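Have a look at the structure below, then the notes.
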Amino acid sequence: MSRAPSAPPVERRMSFEEYLRFDDGTDTRYELVRGVLVPMPTATAAHELLISFLAAMMMRFIAAHNLPYVVRVNAGVQTEEDTSRLPDIAVYDRHDWERLLKQGGPAVLRLGEPMRLVVEVTSENWKDDYYDKRAEYEQRRIPEYWIVDGRRKQVVALYLADGGTTYQEQVLKPGDVLASRVLAGLTLLVETILAPPMPEDLLREELQRLSQAAQEAALAQQRIEAERQRAEAERQRAEAERQRAEAAWQQAEAERQRAEAEQQRAEAERQRAEAAEARLQRLAARLRELGLDTNGA
């Protein structure tokens with residue numbers, strides 16, 4: 001972000017606390033630079049599109065990964081005792097944002113309150129982003145700083161190593177990939193950053209993908225339900241077949257038991273007949289012993 005070349009700084013000096021309370025009755029936004037108010041220009045359409053795209057990508061990533069951060073556009077950050085900047089995009093801890101909401105007043109993080117990542121999109125006064133703001137953000141120990149430079153067709157990514165005090169610099173050109181360290185896992189093609197799509201188009205595509213995914217899930221659920229019903233019908237057929245087989249087995253078993261009982265009765269009858277025949281033979285033999293003719297009248 002840079003100051004408007006046609007609007008010279010207002011030379012009235014003020015403290016940071018006075019800056020927080022300042023209101024000139026217009027919509028003009030100001031940075032405080034070494035105690036001097038510097039009006040910010042109205043963003044160009046291309047500038048605004050780029051900021052909206054990057055903020056949307058960050059918000060989506062944070063939400064998808066449930067990270068404890070918030071993304072805000074043009075939120076303030078105090079960088080020195082008498083200096084407060086308005087980075088195009090700022091990422092900071094969610095609890096700090098919630099605290100600012102409860103307190104009311106300007107959305108400005110004070111010295112000592114951590115900011116995780118800032119983004120500046122260059123315009124006419126690009127040296128501010130490359131020199132002054134770089135030095136201030138580095139001194140404030142902001143871990144990650146992106147400078148998106150459409151004029152040079154590059155993105156400069158600046159990182160503080162763990163415990164480091166000096167930015168490590170990566171100059172990325174179209175064909176390169178910007179990989180965030182604060183938002184670990186977020187990667188963006190440089191050419192996409194420099195010529196971003198409309199966030200609304202991205203949202204529309206995302207909604208279409210979600211709708212398609214929902215339809216596919218519904219179809220899959222229908223297939224699962226149909227398969228479940230087929231399996232249930234097959235189970236019922238198998239159960240009916242098992243019951244028929246069980247009934248047939250029971251009927252066969254009953255027939256077998258009846259046949260066995262009939263056989264037992266026939267055997268008992270045979271045994272009784274044999275016993276009766278034996279008794280008759282013994283009686284006939286006894287009569288013959290007595291001289292009686294069992295065959296006579």
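Report whether or not residue 74 is surrounded by fewer than 20 Cβ atoms within 10 Å (Cβ to Cβ), in contact with an Asp or Glu (Cβ under 9 Å, 6 or more places away or on another chain) and closer than 29 Å to residue 192 by Cα.
Judged against the criteria, residue 74 is a match.
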Worksheet item: Going by the structure shown, is residue 89 touching a residue at least 24 places away in the same chain (Cβ under 8 Å) and either more than 30 Å from residue 202 (Cβ to Cβ) or touching a helix residue (DSSP H, G or I) at 6+ places or on another chain (Cβ under 6 Å) (or both)?
Response: yes
Practice prompt. Return yes when residue 105 is of a type outside the set (Asp, Glu) and surrounded by fewer than 12 Cβ atoms within 10 Å (Cβ to Cβ) and no when it is not.
Written response: yes
Discussion item. Return the residues of the range 70-84 that are part of a strand (DSSP E or B) and either β-branched (Val, Ile, Thr) or within 14 Å of residue 15 (Cα to Cα) (or both); say none if nothing qualifies.
Written reply: 70, 71, 73, 77, 78, 79, 80, 83, 84
Worksheet item: Which residues, counting only those in the range 48-97, are among the aliphatic types (A, V, I, L, M) and under 16 Å from residue 147 (Cα atoms)?
Response: 49, 50, 51, 54, 55, 58, 73, 86, 89, 90, 91
Worksheet item: Any idea which of (1) assigned by TED's automatic domain parsing to the domain that holds residue 53; (2) exposed (fewer than 12 other Cβ atoms within 10 Å of the Cβ); (3) assigned to a helix (DSSP H, G or I) is the one residue 128 doesn't satisfy?
Response: (2)
Practice prompt. Answer yes if at least one residue in the range 146-162 is loosely packed, with under 12 Cβ neighbours inside 10 Å, out of contact with any strand residue (DSSP E or B) (no Cβ under 9 Å at 6 or more places or on another chain) and over 20 Å from residue 54 (Cβ atoms), and no otherwise.
Written response: yes
Response to the item:
Expected single match for under 60 Å from the mean Cα position of the chain (by Cα) and part of a helix (DSSP H, G or I) among 266, 245, 254, 285 is 245
Worksheet item: So is residue 110 in contact (Cβ under 8 Å) with a residue 24 or more places away in the chain, out of contact with any helix residue (DSSP H, G or I) (no Cβ under 9 Å at 6 or more places or on another chain) and among the charged types (D, E, K, R) or not?
Response: no
Worksheet, complete the sentence: Residues of the range 155-192 being hydroxyl-bearing (Ser, Thr, Tyr), in a strand (DSSP E or B) and touching a residue at least 12 places away in the same chain (Cβ under 8 Å), in sequence order, are 159
Worksheet item: On the given criteria, is residue 67 at pLDDT 95 or above, in a loop (DSSP other than H, G, I, E, B), crowded, with 17+ Cβ neighbours inside 10 Å and in contact with a Phe, Trp or Tyr (Cβ under 8 Å, 6 or more places away or on another chain)?
Response: yes
Item to complete: Please work out if residue 152 is charged (D, E, K, R), assigned by TED's automatic domain parsing to the domain that holds residue 82, assigned to a loop (DSSP other than H, G, I, E, B) and on the phi > 0 side of the Ramachandran plot.
Response: no
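The values are calculated or read from the model by the stated rules, or taken from the named source; none is laboratory data. What you see is a predicted model, and the numbers here were worked out from it, not measured in a lab. Note: ideal-geometry Cβ built from the backbone for every residue, glycine included; neighbour counts use all protein chains shown.
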